[in-house]
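The values are calculated or read from the model by the stated rules, or taken from the named source; none is laboratory data. As the structure is a prediction and not an experimental result, all values here were calculated from the model. Cβ: placed from backbone, ideal geometry, glycine included. Neighbour counts: every protein chain shown. Just so you know, the surface numbers come from the protein's heavy atoms only, side chains and all, with ligands and any DNA or RNA stripped out. Shrake-Rupley method; radii C 1.70, N 1.55, O 1.52, S 1.80 Å.
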Amino acid sequence: QDWGIQFLRSVRRVNETTFWNAVNPQVNGFVNQFGLLKNLTDVQPPLRLSFSPYVSTGIRSTPENGGYRDEHIVNGGMDVKYGINESFTLDATLIPDFGQVVSDNFVNNLTPYEVRFNEYRPFFTEGTEIFNKSGLFYSRRIGAIPRGYFAINQLAKDDPNIEIIKNPARTQLYNGIKFSGRTEKKLGIGVFNAISAPMYATIKDKTTGEKANILTEPFANYNIIVLDQALKDRSYLTFTNTNVIRNGSYADANVTGLDFSLYDKNNKYNFRGYGHYSKVYGEESYDGYNTLLRVGKVSGKIRYSLQNLIRSRDYDPTDLGFLLRANQHTNSFAFSYN
């Protein structure tokens, strides 16, 4: 086997980075400038299998109407990682608990756009590069705040006779599975699935003492399939499909995308683009598209590019992806001297 390898050292006080194998700043790309470690023989991958069971308990205290509402929590589950061979890995999590993960900072958002938060949950950060390649996967959609959470709080605020007994602030996952790797012919394969539990809020009528359960988030199934073919000269062709299936009358969604990037053999010119199509199924079904074409010179002292971006008004990948705004048509030209 021949392995690409690189060593580097950064010295902050002089803003200097030194590489074992020279990296030319006039050449586009970094990994393609690695050195080679040749003629490795008898490399036998060991068994890669690990189980991580857990049991946790605690109290969640939520500020509410001038006081606090306490919730007793008991969780148990297990994470499994299995290396099927030297190229493919299967990760699974059963009834995951992400209570130990760092919380998000509070953001006072005065803009009309959604805030994109970082992902800190290990299951969604490890080995997910292939799922993120087309930009159609925003993992924070899975296990998010139930969509009816704020409506329950508003109901209690509008009607003093209503008392909230329970209103979960996050959606519990039943399980998550991801399978990914690359074949000898450089075809990357990624399959992702996660199932979330239906979430209910419990409210009480102070006058009659009657309790009622209200569905705040339906049972949902999240799926992603990715086929990523690596081509010569750092080029690639990627197919991605994401879909969300919800129980009952709640809307389902599907997004399909084809991405490509083509380099010439001298790594000077690049032609890339994508076409994404979204469809939302429900009482008011709608669909949309998102396309990009970009051509340019990517190496050398002088670089330039020409780009066209079109997003239709009803393009909506946000059931499992992220989008700041649709209804956009942009032409742009860039020029730089490096």
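Around Ser52, what is the net charge, scoring Lys/Arg as +1 and Asp/Glu as -1 over all other residues with Cβ under 13 Å from its Cβ?
Summing Lys and Arg as +1 and Asp and Glu as -1 gives -3.
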Leaving ligands, DNA and RNA out of it, work out the accessible area of Phe239 with a 1.4 Å probe and give it in Å² to the nearest 10. 80
For Ala326, other-chain or 5+-apart residues with amide H closer than 5 Å (H placed, Pro excluded) are none
Considering the options Thr171, Thr291, Thr89, tell which one lies farthest towards the positive end of the dipole of the chain, charges being +1 on Lys and Arg and -1 on Asp and Glu at the Cβ, about the Cα centre. Thr291
By accessible area (1.4 Å), largest first, Phe124, Phe98 order as Phe98, Phe124
Two-site FRET efficiency, Phe333 against Asn108, from Cβ-Cβ distance with R₀ of 41 Å, rounded to 0.05: 0.65
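About the Cα centre of region 1-51, what is the dipole size in debye to 20, counting +1 per Lys and Arg Cβ and -1 per Asp and Glu Cβ, all else neutral?
Charge dipole, region 1-51, about its Cα centre: 240 debye, nearest 20.
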Percent accessible area from carbon and sulfur atoms, the chain, protein chains only, probe 1.4 Å: 55
Pairs over 18 Å Cα to Cα, from Lys166/Lys206; Lys186/Lys268; Lys81/Lys133, come to Lys186/Lys268; Lys81/Lys133
So for region 250-338, averaging the separation of alpha carbon pairs under 8 Å that are six or more residues apart and normalising by length, what relative contact order in percent results? 24
If you average the C-alpha positions of region 133-163 and of region 283-320 separately, how far apart do those two centres end up, in angstrom? 30
In terms of solvent-accessible area of protein heavy atoms at a 1.4 angstrom probe, what is the ranking of Thr111, Thr89, Thr216, Thr183, highest value first? Thr111, Thr183, Thr89, Thr216
I want to verify a result. In a Gaussian network model of the chain, Cα cutoff 10 Å, which of these has the top mean-square fluctuation: Pro146, Pro53, Pro160? Pro160
For Leu110, the accessible surface traced by a 1.4 Å probe with all protein chains present amounts, in square angstrom to the nearest 10, to 150
What do you get when you divide the Cα radius of gyration of region 171-322 by 2.2 N^0.38 Å, with N the number of residues? 1.46
Of Ser10, Ser56, ordered by accessible area with the largest first and a 1.4 Å probe, the sequence is Ser10, Ser56
Do you know the relative contact order of the chain, to the nearest whole percent, from alpha carbon pairs under 8 angstrom that are 6+ apart? 11
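Dividing the convex hull volume of the alpha carbon atoms of the chain by its residue count, what do you get in Å³ per residue?
Once divided by residue count, the hull of the chain is 201 Å³.
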Spin-label point model (7 Å from Cα, Cβ direction): what's the Ile59 to Glu16 distance in nm? 5.8
Partner aspartates and glutamates whose C-alpha sits under 14 Å from that of Lys265, ignoring same-chain residues fewer than 8 away, are Asp233
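When only C-alpha pairs under 8 Å and at least 6 residues apart count, what is the relative contact order of region 1-87, in percent? Working shown, then result.
Working: 108 pairs, mean separation 21.5, N = 87.
Answer for region 1-87 is 25 percent.
Of all the stretches in the chain, which is the longest one without any exposed loop site, taking GluC sites (Glu not before Pro) in a DSSP loop (any state but H, G, I, E, B) with at most 12 other Cβ atoms within 10 Å?
With GluC sites (Glu not before Pro) excluded where exposed in loops, the chain gives 1-85 as its longest stretch.
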Net charge, Ser305 excluded, C-beta distance under 11 Å - Lys, Arg +1, Asp, Glu -1: +4
Gaussian network model of the chain, Cα within-10 Å springs - most flexible of Pro218, Pro45, Pro112: Pro112
